[in-house]
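**Student:** Let me give you the structure first, and then I'll get to my questions.
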Amino acid sequence: MSRDKIQFNLGGMLWSLMPKCQGCVRRQGEIKKLEAQVKELESKVEELNLLLNPLPIPGQAVVPIGAVPSEAGWVHLKASVAGFRKPILQDAHDLVIEGDNAVLIVCDGAGSLKHSKAGAEFVVKHLGAKFLELIKAGEVFTSETWTVRARTLFLQAAEALKSKTQADRQNFGDFGCTCIVVFAGPDFVACAHVGDGRAGYLDASGHWLALMTPHKGALANSTVFMTMLEPASLEQLVRLKFIPTRTRAVVALSDGPEDACWLVSTFNPSGQKVIDPNEPSNEFLGKIANQLAAATAKNVSQDALDKLWQTFLTEGTPKLKAQVDDKTLLLALRG
Amino acid sequence: MYEKPFEAEEVQNYSQKCCVALVLDTSSSMAGDSIDQLNFGIQSFLKEIRSDTANLGQKLELGIITFDTAVTRVSEPKLAEFTNFKPLTVNGTTMMVDGVREGIKMVGQRKEWYKSTGQMYFRPWVIMITDGDPDSDQQGELPKLSAEIRAGMDEEDFWFMAIGVSGAKMATLELISHEKMEPRKLSGLKFSEFFRWLSSTIADVAKGQNVSDAMKKNSDDAWDGGFKI
């Protein structure tokens, strides 16, 4: 092939291609437009992904949906620590995780009663075992069955404690303690309690809501105890709540840490009277839940989490550090 | 090992506040054991307030003013947990009248702030501690100061209490004090005992007890001979 021919051919080719190139120019413009649209769509997909399955951000208060991957199941924080300069811990807790269910149990032994620590430990252990039995037996909970079940179990716990103290020839009244049970099932969240403390859950929109109203007496720090339960007083003393929703997180605490994480005292709208709004703090609980989710993403062991949580409850904030009352705070986050 | 500690912002629950202005003599005559014991007493006082989280820790707002050759607001009224107290040092003379007036001004300003933000409050306290007598150029102001304190006490604007340390001219303290709260003389340098008494008394007041009953209830001779109410 001669050089001229090549040139001709190339020229011919170029010439013949010329109209196509003009088409290419148009197509390139279209491709650029399409690329821009794809980029825009990718950006939207990314935003949607972030909305649907974002990374937990420890410093933020809103707990994103999917903060904990579903395969992780329930992840949790649990600890009970003695109050500042308090020689003994009179709080006790249990946390039962079984499949899609989480049960949080908090008992606060009355500070002035000499066996209240033993009372709190007994009730926690008793109720923890009973609720685990129910879950394993496949009990289906509704608002009605929760009312019956919870009251029965609370009464049985009190009666079992009474029998034990009688067998040991001890004064049943000395074992007084409060009790909170928060039960998050597959499609409900329920609460039963006797006495003070706080409990709450995370609703679908990412807000923490209270699950109970503590029993408060006329005198400061006065409340009711498990040792006061009798068949006739059950309805009055065991307060109940049942919400048919699949909650993303639950929290239960004794009254010790409530001042740090719950809005419990403020003026009413008219500014004339101090009221208890009973509002869980999104800032506090949300940030803690996100830190738990972040730790879960790093595969932090439960032992390590428990130690960190114990340290936090002991001295994590000025109020917690100075609190003279015992502090128990359980938080479970569903994956 | 994962060691990132948990962190969270505390909720600010409302508590009715009680403002206490400590008006302290830091003139040269307080040098040595007096100022050391006073510093120690204040530090113990703050520690005790902080530990009483259910009551004083949330309610008592402490302000500190010193007077010597000048009057200084060492610390504006705030809860003990936010008070960063640095030991006081001594210097110069005794501008007691200006110091007390600054204390009255401080609690008055705090009251106005409570009012403007819709907060309820307990009647504030102005507590003056001195081991001397006002500078000569302040002596002429004493009758006026006495009248101001009397009016403030009668109108229930504030409580005024004068504490004399060894060397204090008690007649002056008597002159400026109201009969509802007579001046007291500190036994030796028992500042810590005094502040413990103050803490207990204000704690009772902050729980709703009236001042007279709270003072009687907590009265003992640990730091003086008791109160006459």
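**Student:** Only residues that are within 7 Å of chain B (Cβ to nearest Cβ), free of Cβ contacts under 8 Å to residues at least 60 places away in the same chain and more than 20 Å from the chain's Cα centre (by Cα): list them for region A:307-323, please.
**Tutor:** A:PRO318
**Student:** Examine region A:255-263 for a residue that is facing another protein chain (nearest Cβ under 7 Å) and surrounded by fewer than 16 Cβ atoms within 10 Å (Cβ to Cβ), and state whether such a residue exists.
**Tutor:** no
**Student:** If B:THR72 passes every condition in (1) farther than 20 Å from B:PHE194 by Cα; (2) assigned to a helix (DSSP H, G or I); (3) away from chain A (no Cβ under 14 Å) but one, which one does it miss?
**Tutor:** Exception for B:THR72: condition (2).
**Student:** Next up: Can you tell me which residue in region B:34-53 is surrounded by the fewest Cβ atoms within 10 Å (Cβ to Cβ), limited to those that are touching a helix residue (DSSP H, G or I) at 6+ places or on another chain (Cβ under 8 Å) and among the aliphatic types (A, V, I, L, M)?
**Tutor:** Among those that are touching a helix residue (DSSP H, G or I) at 6+ places or on another chain (Cβ under 8 Å) and among the aliphatic types (A, V, I, L, M), it is B:LEU46.
**Student:** Related question: So A:PHE141 fits all but one of (1) surrounded by fewer than 18 Cβ atoms within 10 Å (Cβ to Cβ); (2) outside any helix (DSSP H, G or I); what number is the exception?
**Tutor:** Result: A:PHE141 passes all but (1).
**Student:** Take the residues in region B:1-48 that are in a loop (DSSP other than H, G, I, E, B) and within 21 Å of B:ARG73 (Cβ to Cβ), then tell me which one is nearest to the other protein chains (Cβ to nearest Cβ).
**Tutor:** So the residue we want is B:THR26.
**Student:** Then there's this: Please work out if A:THR247 is farther than 27 Å from A:GLY83 by Cβ and either within 19 Å of the chain's Cα centre (by Cα) or surrounded by fewer than 22 Cβ atoms within 10 Å (Cβ to Cβ) (or both).
**Tutor:** yes
**Student:** Would you mind finding the one in A:LYS164, A:LYS86 that is touching a residue at least 24 places away in the same chain (Cβ under 8 Å) and touching an Asp or Glu at 6+ places or on another chain (Cβ under 9 Å)?
**Tutor:** Going through A:LYS164, A:LYS86 in turn, the sole match is A:LYS86.
**Student:** Would you check which residues across region B:14-33 are surrounded by 19 or more Cβ atoms within 10 Å (Cβ to Cβ), of a type in the set (S, T, N, Q) and under 24 Å from A:GLY256 (Cβ atoms) and list them?
**Tutor:** Once the filter is applied, which keeps residues that are surrounded by 19 or more Cβ atoms within 10 Å (Cβ to Cβ), of a type in the set (S, T, N, Q) and under 24 Å from A:GLY256 (Cβ atoms), region B:14-33 yields only B:SER15.
**Student:** Based on this model, can you work out whether B:VAL107 counts as under 18 Å from the mean Cα position of the chain (by Cα), under 23 Å from B:ILE35 (Cα atoms) and surrounded by 14 or more Cβ atoms within 10 Å (Cβ to Cβ)?
**Tutor:** So B:VAL107 does not fit the description; no.
**Student:** Can you name the residue in region B:129-153 that is of a type in the set (Asp, Glu) and within 19 Å of the chain's Cα centre (by Cα) and, of all such residues, is surrounded by the most Cβ atoms within 10 Å (Cβ to Cβ)?
**Tutor:** That would be B:ASP131.
**Student:** Among the numbered criteria (1) facing chain B (nearest Cβ under 8 Å); (2) in contact with a Pro (Cβ under 6 Å, 6 or more places away or on another chain), which one does A:ALA294 miss?
**Tutor:** Failing condition for A:ALA294: (1).
Computed from the coordinates by the stated procedures, all read-outs in this text should not be read as laboratory data. Bear in mind the structure is a predicted one, so any value in this text is a computation, not a measurement. Please note: Cβ atoms are built from the backbone with ideal geometry, for glycine as well, and neighbour counts cover all protein chains shown.
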